[in-house]
Amino acid sequence: LEGGFLVQDANVVTDDIGGQAVITASTDAGNGRILTVNAVLMPFQNVKLVDLLKSLNQAGDFAGRFDTLLAGIAAAKPAVRDTLGKRHSTLFAPTDEAFAAFGIDPNTIGLLYPAALNDLLLYHVVSGRLMGDAVLAAGEIKTVQGAVLLQQDGTLTDRAGGTVKIIGIDAEASN
């Protein structure tokens with residue numbers, strides 16, 4: 001009804017952004033049919049990563065937690081913004097608290113040397129759409145910047161020994 005498209009092939013339904021759900025049961029009614037599926041399908045065909053991040057930053061559990069990241073994206077080179085806007089990507093989005101631990105806030109992130117800012121942002125992006133279960137099952141994850149992150153039990157570790165805990169997964173965007 002909202003205008004998006006669902007494609008059904010056998011017992012699998014695919015949404016506009018590639019999300020899939022398996023039909024596990026169906027029931028007929030006098031005015032239609034109910035199909036029971038094992039996943040949530042997303043109607044957000046045109047919501048890009050940065051737009052979704054802005055939306056998450058405005059309301060709900062993550063309201064006001066991504067001001068520094070959004071300021072960094074705004075200050076980055078167009079190529080970085082294009083990576084987040086056009087390619088299918090997975091973003092490991094540091095919260096304001098994570099940036100603050102390094103003395104970086106929304107007012108200072110744009111003052112970073114441009115190449116360092118771009119590398120910092122791309123260090124948190126993975127090419128392709130990784131769902132949470134795929135991230136949690138992976139041993140190594142290669143970032144767009146070229147680094148390899150090791151994953152164990154929801155904790156990512158970089159080659160320098162820095163660690164971060166994944167605190168939220170699977171906020172879907174069209175890219």
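The values are calculated or read from the model by the stated rules, or taken from the named source; none is laboratory data. As the structure is a computational prediction, the values presented were derived from the model and not from experiment. No Cβ is skipped: glycine too gets one built from the backbone with ideal geometry, and neighbour counts run over all protein chains shown. Accessible surface is based on the protein model in full, side chains and every heavy atom, while ligands, DNA and RNA are left aside. Shrake-Rupley method; radii C 1.70, N 1.55, O 1.52, S 1.80 Å.
Mind checking which pairs have a first residue in the stretch 87-98 that is over 9 Å from ARG129 (Cα atoms) and a second that is charged (D, E, K, R), Cβ under 6 Å, 6 or more apart or different chains?
THR95/ARG65; ASP96/ARG65; ASP96/ASP67
Hey, could you check the stretch 103-133 for residues that are loosely packed, with under 13 Cβ neighbours inside 10 Å and at pLDDT below 90 and say which is nearest to the chain's Cα centre (by Cα)?
Out of the qualifying residues, it is GLY128.
Quick one: which of LEU150, LEU121, LEU117, LEU111 is free of Cβ contacts under 8 Å to residues at least 40 places away in the same chain and either closer than 14 Å to LEU49 by Cβ or touching a helix residue (DSSP H, G or I) at 6+ places or on another chain (Cβ under 9 Å) (or both)?
Going through LEU150, LEU121, LEU117, LEU111 in turn, the sole match is LEU111.
Against the conditions (1) open to solvent by 80 Å² or more (accessible area, probe 1.4 Å); (2) at negative phi; (3) at pLDDT 85 or above; (4) more than 18 Å from the chain's Cα centre (by Cα), where does ASP153 fall short? Just the number, please.
Result: ASP153 passes all but (2).
Here is a check on your reading of the model: is ALA93 within 20 Å of ASP51 (Cβ to Cβ) and open to solvent by less than 60 Å² (accessible area, probe 1.4 Å)?
For ALA93, the condition - within 20 Å of ASP51 (Cβ to Cβ) and open to solvent by less than 60 Å² (accessible area, probe 1.4 Å) - is met.
Does PHE62 satisfy the condition of being surrounded by 14 or more Cβ atoms within 10 Å (Cβ to Cβ), more than 16 Å from LEU112 (Cα to Cα) and touching a Gly at 6+ places or on another chain (Cβ under 8 Å)?
Working: surrounded by 14 or more Cβ atoms within 10 Å (Cβ to Cβ): yes; more than 16 Å from LEU112 (Cα to Cα): yes; touching a Gly at 6+ places or on another chain (Cβ under 8 Å): yes.
It is true that PHE62 is surrounded by 14 or more Cβ atoms within 10 Å (Cβ to Cβ), more than 16 Å from LEU112 (Cα to Cα) and touching a Gly at 6+ places or on another chain (Cβ under 8 Å).
Confirm whether THR163 is open to solvent by 20 Å² or more (accessible area, probe 1.4 Å) and out of contact with any Gly (no Cβ under 8 Å at 6 or more places or on another chain).
On the way: open to solvent by 20 Å² or more (accessible area, probe 1.4 Å): yes; out of contact with any Gly (no Cβ under 8 Å at 6 or more places or on another chain): yes.
Here the answer is yes, as THR163 does meet what is asked.
If we keep just the residues of the stretch 37-55 that are at pLDDT 70 or above and of a type in the set (A, V, I, L, M, F, W, C), which is surrounded by the most Cβ atoms within 10 Å (Cβ to Cβ)?
The residue in question is LEU49.
Which count do you get for residues in the stretch 65-86 that are under 22 Å from MET131 (Cα atoms), without any contact (Cβ under 8 Å) to a residue 40 or more places away in the chain and open to solvent by 40 Å² or more (accessible area, probe 1.4 Å)?
Residues in the stretch 65-86 being under 22 Å from MET131 (Cα atoms), without any contact (Cβ under 8 Å) to a residue 40 or more places away in the chain and open to solvent by 40 Å² or more (accessible area, probe 1.4 Å): 3 in total.
Is one or more of the residues making up the stretch 72-92 outside any helix (DSSP H, G or I), aliphatic (A, V, I, L, M) and at pLDDT below 80?
Looking only at the stretch 72-92, we keep the residues that are outside any helix (DSSP H, G or I), and these are 76-77, 87-92.
Then keep just the ones that are aliphatic (A, V, I, L, M); that gives 76, 91.
Add one more test, that the residue is at pLDDT below 80, and what stays is none.
No, there is no match, as no residue in the stretch 72-92 is outside any helix (DSSP H, G or I), aliphatic (A, V, I, L, M) and at pLDDT below 80.
So if I check each of ILE34, ILE141, which one is loosely packed, with under 11 Cβ neighbours inside 10 Å, in contact with a strand residue (DSSP E or B) (Cβ under 7 Å, 6 or more places away or on another chain) and either basic (Lys, Arg) or not in a helix (DSSP H, G or I) (or both)?
On the way: ILE141 fails: loosely packed, with under 11 Cβ neighbours inside 10 Å.
Step by step, each of ILE34, ILE141 is checked, and only ILE34 is loosely packed, with under 11 Cβ neighbours inside 10 Å, in contact with a strand residue (DSSP E or B) (Cβ under 7 Å, 6 or more places away or on another chain) and either basic (Lys, Arg) or not in a helix (DSSP H, G or I) (or both).
Given the criteria hydrophobic (A, V, I, L, M, F, W, C) and modelled with pLDDT under 90, does PHE99 qualify?
On the way: hydrophobic (A, V, I, L, M, F, W, C): yes; modelled with pLDDT under 90: no.
For PHE99, the condition - hydrophobic (A, V, I, L, M, F, W, C) and modelled with pLDDT under 90 - is not met.
Does the stretch 139-150 include one or more residues that are small (Gly, Ala, Ser) and under 20 Å from GLY64 (Cα atoms)? Give the steps one after another, and end with the answer.
From the stretch 139-150, those small (Gly, Ala, Ser) are 139, 146-147; that's our starting set.
Of the ones still in play, those that are also under 20 Å from GLY64 (Cα atoms) are none.
No, there is no match, as no residue in the stretch 139-150 is small (Gly, Ala, Ser) and under 20 Å from GLY64 (Cα atoms).
If ALA98 passes every condition in (1) closer than 22 Å to GLN151 by Cβ; (2) more than 18 Å from the chain's Cα centre (by Cα) but one, which one does it miss?
(2)
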